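Note sheet for the following structure.
The values are calculated or read from the model by the stated rules, or taken from the named source; none is laboratory data. What you see is a predicted model; the values in this text were computed from it and never measured. Glycine gets a Cβ as well: all are built from the backbone with ideal geometry, and neighbour counts include every protein chain shown. Only protein heavy atoms, including side chains, enter the accessible area calculation; ligands, DNA and RNA are left aside. Shrake-Rupley method; radii C 1.70, N 1.55, O 1.52, S 1.80 Å.
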Amino acid sequence: ITDPRSGEILEADIIWWHNVLDILNDWIMVQTGATREGANKAKLPDELVGDAMRFVACHEVGHSLGLRHNMMASSAIPTDSLRSASYMKKLNSTSTSIMDYARFNYVAQPGDGVTVFSPNIGPYDIMAIEYGYRWYGKDNPEEDYKLLQQFLSKYTDRLYHYSEAQDARDAVDPRSQNEDLGDDPIKSSLYGIANLKRIVPNIIKWTTTGDPGQTYNDASRLYLSVLSQWNLYMYHVMANVGGIYMNNVSVGDKIPSYEFVDKKRQKEALQFLIDEAFMNTDWLFEAEVGKYTYIIRNRGGGTVENAPSLMRNNALSYIIWDLMSDRRLIRMLENESVNKKNAFSVIEMMDMLHDAIFGVTERGGIPEVKVRALQKNFVDALLTAAAEHEGVKINKKLRDDSMLPMGFCHVCSHEQCMEGDKSARRELNFYSSHANRISDAISVKRGEIMRLRTLLKARQSTSDKATKYHYNDLIMRINTAMGLEY
């Protein structure tokens, strides 16, 4: 509760939700079970759970004092430094701010000797509290303002950089994301995946309590947490594709406000997604644990047990859809317009995806059932965005609000906090219904659709019946969506 005249915080409450301990247990085991002493037990030590409760409570106290989320704080730490025992002991945190959604140190690997795994109050927090609460005793607001600016001028190092929360599925600045660690999302995610690969074979062992009659419900919950963590890594990397660094600058800083992620980094990010999301996921979705438990969801009328194959197909649907969203492609086209050949182009992106997903078809091979599902996912995403009605203005307003001049946390989810983030985040706008329709995004998607149609028709004579049906089905989908003759 604040005084609307001054902004003074009059009273604040922290609500500790009933399921927070379950969430903390999952985080501890999934993010540090492979590297942290005691983090792979069915009943976690009080020391680890208490430490987790401490950092969550501390984060919420930060909000009660007026601090906002600082999602850039974790990217101030070099990824490799998260594996350094001496560096982590000195910093004593996985982030430079407790107000980030930084979690436990999933980057550290077995044998690194790291003993610091948790977020703590960092240098940004100390600076921000002093900025907000130091009393200079000046009656003149202009003089007070000058003193505050002098104070801020001492804190230009990246340890003190700040950025608001972004949309988890369409983050623009890859440095400012929920749940991420380190300054290299690709390297951090690869380290995180390496640890998940150590955890998955041990899910049942680590969740077995020895109690008589124990079910596999605990194993199912841990398995779902692993899948969710893997999905986070995919999106941390995806933000680099079509990404733009948004710098908070003042006049005279000589730093651009907007910088496109360089071409090499964007290509590496896309290759990561091809390798880790589209091609090499059997370790996760065909693991031994899947023989004993699916992903169990409790409903009012009973339970639903979701097969790992369903989880894979759904996850890939979202990843492909979001990777090829018009908004991402329009940002890439903006980069092409500004940086020409130095930009990672939409055509280059589509060629890489085509070669990876339909490479077996190009070679005349027989795609297995998982590849056929991936190909359908890819075509479905293309058709949804580029179908017949999307290329023309039918009963659509030319003038919409976005053309006028402008005047995801599991724990910290209280209404005021989330609404505050929504109202204050920076949002770069290149989009409107009309601007989207006349961009090359739909042209490239339609070009890829027609390329696939030609390829599929050339491969219709395959001797494998399942593949033939699959190709015929894709051709029919394309013809129906695009209004084409067979």
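Within the stretch 118-135, is even one residue part of a loop (DSSP other than H, G, I, E, B), farther than 28 Å from residue 57 by Cα and open to solvent by less than 60 Å² (accessible area, probe 1.4 Å)?
no
Would you confirm whether any residue within the stretch 221-235 is open to solvent by less than 10 Å² (accessible area, probe 1.4 Å), of a type in the set (A, V, I, L, M), under 23 Å from residue 330 (Cα atoms) and not in a loop (DSSP other than H, G, I, E, B)?
Yes, the stretch 221-235 contains a residue that is open to solvent by less than 10 Å² (accessible area, probe 1.4 Å), of a type in the set (A, V, I, L, M), under 23 Å from residue 330 (Cα atoms) and not in a loop (DSSP other than H, G, I, E, B).
What's the total number of residues in the stretch 7-22 that are open to solvent by less than 80 Å² (accessible area, probe 1.4 Å), outside any strand (DSSP E or B) and either under 18 Å from residue 135 (Cα atoms) or among the small types (Gly, Ala, Ser) (or both)?
2
Are there any pairs with C-beta distances below 9 angstrom linking a residue in the stretch 183-206 that is closer than 23 Å to residue 221 by Cα to a residue that is among the acidic types (Asp, Glu) and not in a helix (DSSP H, G or I), with the two at least 6 apart or on different chains, and if so which?
If the second residue must be among the acidic types (Asp, Glu) and not in a helix (DSSP H, G or I), the pairs left are 189/180.
With respect to residue 88, is the statement that it is under 22 Å from the mean Cα position of the chain (by Cα) and surrounded by 14 or more Cβ atoms within 10 Å (Cβ to Cβ) true?
Spelling it out, it is not the case that residue 88 is under 22 Å from the mean Cα position of the chain (by Cα) and surrounded by 14 or more Cβ atoms within 10 Å (Cβ to Cβ).
Restricting the stretch 279-307 to residues that are assigned to a loop (DSSP other than H, G, I, E, B) and under 23 Å from the mean Cα position of the chain (by Cα), which is surrounded by the most Cβ atoms within 10 Å (Cβ to Cβ)?
Result: 281.
If only one of 210, 252, 242, 192 is open to solvent by less than 10 Å² (accessible area, probe 1.4 Å), at positive phi and not polar (S, T, N, Q), which one is it?
Result: 242 is the single residue among 210, 252, 242, 192 that is open to solvent by less than 10 Å² (accessible area, probe 1.4 Å), at positive phi and not polar (S, T, N, Q).
Regarding the stretch 52-75, can at least one residue be identified that is surrounded by 15 or more Cβ atoms within 10 Å (Cβ to Cβ), within 26 Å of residue 2 (Cα to Cα), out of contact with any Gly (no Cβ under 8 Å at 6 or more places or on another chain) and of a type in the set (S, T, N, Q)?
Yes, because at least one residue in the stretch 52-75 is surrounded by 15 or more Cβ atoms within 10 Å (Cβ to Cβ), within 26 Å of residue 2 (Cα to Cα), out of contact with any Gly (no Cβ under 8 Å at 6 or more places or on another chain) and of a type in the set (S, T, N, Q).
Among the residues of the stretch 438-454, are any assigned to a helix (DSSP H, G or I), aliphatic (A, V, I, L, M) and more than 32 Å from the chain's Cα centre (by Cα)?
Checked against the condition, which is being assigned to a helix (DSSP H, G or I), aliphatic (A, V, I, L, M) and more than 32 Å from the chain's Cα centre (by Cα), the stretch 438-454 yields no hits at all.
Quick check, is residue 226 in contact with a Leu (Cβ under 6 Å, 6 or more places away or on another chain) and within 27 Å of residue 288 (Cα to Cα)?
yes
Within the stretch 99-111, can you find the residues that are hydrophobic (A, V, I, L, M, F, W, C) and within 17 Å of residue 49 (Cα to Cα)?
102, 104
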